[in-house]
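Please read the structure below before turning to the comments.
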Amino acid sequence: MHETAVIRSTHGMRRSRLRTLAVVITLFSLLLAACGGGTGATDKPGGTLKVAVATDVQTFDPQMAAVAQEYYLNPVFDTLIHALPDGTYEAALAEKWEIITPTTFELQLRPDVKFSDGTPVDVQAVVANFERGIAMTASPSAAFYSNITSAEAVNDSTVRLNLVHPTTDMLSQLTRLPGMMMSPASFDADPDTKPIGAGGWVYDAAASNAGEVQVYQANPDYWDPKRVKVDTVELRLLADASAATNAILDGQVDVIEMRAESDRATLDSGSLQLIERANANVYYMQIMDTDGTLLKPMADPRVRKALNLGIDRKAFNKGLQFGNGNPSPSFWLPDTPYYDKSLEDLAYDPVKAKKLLAEAGYSDGFSVTLPTFGALTEVAESVQQMWGNIGITVELNQVEPGTLASVMRNGSTVMTPTIARGFTAESQYSERNAPGGAYDPLKTDRGDLAALAEKAFNGETEEQQSKGWRDVYTYLIDQGYMIVIGHQIPTVVVGKNVSGVQLAPSDNVPKPYDITVV
């Protein structure tokens, strides 16, 4: 929030001094307005914010986009709720919200807001967005939508979401893709390439180049104009980490995500700003084939445990993260309520890993192909080397940046290294680990996982919910349905000419709001 300074006269001022002060203030205000300064409604955005990103855009449709590509949609689409860097929330398209019952959630919309095509952001539009999401079973956010039985207009300003089961994650989700509202007029037009939202910027297709740069121009009708401080936002595709590093050093871009810890010393030389996010990312192995459908050895829990014991997380942290990460085998770190110390028993043990492989009948190992792409190649190569040390032959298959999520969901992939960013316990489970979900295309047997998750969903107290999710993730790791590679502290590098950069819990790169470029 921005406050306007108010100058109050004291009772002791003489009238002549008051007249003089009024003249000075008037002249200063006129000069400030002429220069485009000030903090009132006359503020104008200025300049161009250039951000380097690691993947190419696949779709601008919020209900079909992958979480890793939210940054392409953030300028165009505002969300129902905004997330703050400290993990709290503030009003956005929705002014208020309320849990009516454990399975009933209501949103009161901000009045008089319009999409960039002039369509009102009203209860009918919001209900239409949720109904579209519920019907799109192929959506990467299908797990969220599948928990909504219906969306309805309670009155002219209130939308009610009726849920299948209680959720601990509604507010977080409504700050992300499911909370991005699209103009209903764009549903059947071309939402993949012609996005229409209610955000601070409008997509500029004419100025954009596929595979190079996506361009956005300030939306003059955005409901909170003070937060739009740059005329233009450019998201430039620089898939190679060294190319991104060189671009920020040369001043070609204003913001990059630091992808290689080896660059930290160079980037932290004092000429740039390094801004860390409060919550860690997790590099992990997403296993789609947990019962040997595509690769027979994966059906044996001893094999999956051997693969877990074959990950040298301390070496990974030292070699790739230069000691700035965390080598725990747990998905959660000790400062969270979901951490289970017993999982530390899965620390690197190649001797035990080889013994388990031999017991399972694979003393000579086996071969597996891991899809990967530029930003994750070093991670995949490290797994290739580590598993090679226990007799597993790993081939790497480079896929186009931005397509890894669809490769993981197409039913032909055994497993792949990936990264979890800005997640909650519920969202990570629902989106990536739930049996029968989008990332279980083979419909594999995952034992007691669903039953454990049901207890977490239905916990009546925060303690019960925390224990429930702790049990879920302990089971996931212990059964080898997920293998942690390492924990990363996410960092963005910002030019000195840029101010106002903040990272919310789900941000890979900062949203463009409140950012000034001089």
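Read-outs: derived from the displayed coordinates by stated rules, not from any lab. The model shown is predicted, which means the values in this text are computed figures rather than measured ones. Every residue, glycine as well, gets a Cβ built from its backbone with ideal geometry; the counts of neighbours run over all protein chains shown.
What's the ranking of 366-379, 341-354 by average number of surrounding C-beta atoms within 10 Å, highest first? Write out the running numbers ahead of the final one.
Values: 366-379: 19.1, 341-354: 15.6.
Final packing ranking: 366-379, 341-354.
What is the extension gain from residue 193 to residue 250, computed as 0.36 nm multiplied by their sequence separation minus the C-alpha to C-alpha distance, in nm to one decimal? Walk me through the intermediate numbers first.
Details: separation 57, 0.36 × 57 = 20.52 nm, distance 3.12 nm.
Roughly 17.4 nm would be gained on extension.
Quick one: if you stick a label point 7 Å off each Cα along the C-beta vector at residue 397 and residue 385, how many nm between them?
Distance between the two pseudo-spin positions: 2.5 nm.
Pairs of Cα atoms under 8 Å, at least six residues apart: use those to get the relative contact order of the chain, whole percent.
Numbers: 1048 pairs, mean separation 106.0, N = 518.
That works out to 20 percent.
Label-point separation (nm) for residue 95 and residue 242, each offset 7 Å from Cα along Cα-to-Cβ?
5.5
Which order results if 469, 387 are arranged by neighbouring Cβ count within 10 Å, fewest first? Mind showing how you got there, number by number?
Details: 469 26, 387 22.
Ordered from fewest to most neighbouring Cβ atoms within 10 Å, 469, 387 come out as 387, 469.
At 0.36 nm per residue, minus the direct Cα-Cα distance, what do residue 345 and residue 48 gain on full extension? Give it in nm, one decimal, please. Let's see the in-between values first.
Details: separation 297, 0.36 × 297 = 106.92 nm, distance 5.03 nm.
Length difference between fully extended and current span is 101.9 nm.
So what's the angle, to the nearest 10 degrees on a 0 to 90 scale, between helix 377-388 and the longest Cα principal axis of the chain?
20
If I take the Cα coordinates of the range 306-450 and project them onto the principal axes, what are the three extents in Å, biggest first?
36, 35, 34
Report the FRET efficiency, 1/(1 + (r/R0)^6), for residue 276 and residue 135, where r is their Cβ-Cβ distance and R0 is 30 Å, rounded to 0.05. Numbers along the way, then the final one.
Numbers: r = 39 Å, r/R0 = 1.31.
Result of the calculation: an efficiency of 0.15.
P(r) for the range 147-240: what percent of alpha-carbon pairs falls in each 5 Å bin, starting at zero?
Pairs per bin, as whole percents: 2, 10, 14, 18, 19, 15, 10, 9, 3, 0, 0.
If you place +1 on the Cβ of every Lys and Arg and -1 on the Cβ of every Asp and Glu, how big does the dipole about the Cα centre of the chain come out, in debye to the nearest 20? Intermediate values should be presented prior to the final figure.
Numbers: 42 positive and 63 negative charges, 288 e Å.
In total the dipole reaches around 1380 debye.
How do 182, 258 line up, fewest other C-beta atoms within 10 Å first? Mind dumping the intermediate values first?
Values: 182 26, 258 23.
Result, fewest neighbours first: 258, 182.
If r is the Cβ-Cβ distance from residue 502 to residue 124 and R0 is 25 Å, what FRET efficiency results, to the nearest 0.05? Kindly include the intermediate steps, with their values, before the conclusion.
On the way: r = 33 Å, r/R0 = 1.33.
Step by step, r from the Cβ atoms, then E = 0.15.
I need 114, 443, 50 ordered by Cβ neighbour count within 10 Å, fewest first.
Details: 114 17, 443 12, 50 23.
Least to most surrounded, the residues fall as 443, 114, 50.
Under 1.5 on a/c is rounded, so check that first for the range 98-158, then, if it is not, pick prolate when a/b is larger than b/c and oblate when it is not; a ≥ b ≥ c are the square roots of the alpha carbon gyration tensor eigenvalues.
On the way: a/c = 2.57, a/b = 1.23, b/c = 2.09.
Cα axes put the range 98-158 in the oblate bin.
With the contact rule set at Cα under 8 Å and sequence spacing of 6 or more, what percent relative contact order holds for the range 51-200?
35
Any idea how far apart residue 155 and residue 315 come out in nm if each label point goes 7 Å out from Cα toward Cβ?
6.5
Consider the candidate values [x] 173; [y] 136; [z] 193; state which one is volume of the Cα convex hull per residue in Å³ computed from the structure displayed.
Structure-derived value, by its label: [x].
Translational D (Stokes-Einstein, µm²/s) of the range 246-372 at 37 °C and 0.692 mPa s when Rh comes from the Kirkwood sum over C-alpha pairs? Mind showing how you got there, number by number?
Working: Rh = 17.6 Å.
The estimated diffusion coefficient comes to 187 µm²/s.
Quick check on my link table: of 226/496; 314/352; 114/511; 50/114; 226/511, which ones sit more than 24 Å apart, alpha carbon to alpha carbon? Mind dumping the intermediate values first?
Details: 226/496 22 Å; 314/352 17 Å; 114/511 20 Å; 50/114 27 Å; 226/511 15 Å.
Too far apart for the 24 Å limit: 50/114.
Once fully extended, how much extra length lies between residue 463 and residue 445, figured as 0.36 nm per residue of separation less the alpha-carbon to alpha-carbon distance? Each step should come with its number before you reach the end.
Values: separation 18, 0.36 × 18 = 6.48 nm, distance 2.87 nm.
Full-extension gain reported as 3.6 nm.
Report, ordered by chain and residue number, the lysines lying within cross-link reach of residue 455, taken as a straight Cα distance under 26 Å and ignoring same-chain residues fewer than 8 apart.
Filter leaves 305, 341, 443, 467.
For residue 221 and residue 352, FRET efficiency with R0 = 60 Å and r from the beta-carbon atoms, rounded to 0.05?
On the way: r = 63 Å, r/R0 = 1.04.
The pair residue 352/residue 221 has a calculated efficiency of 0.45.
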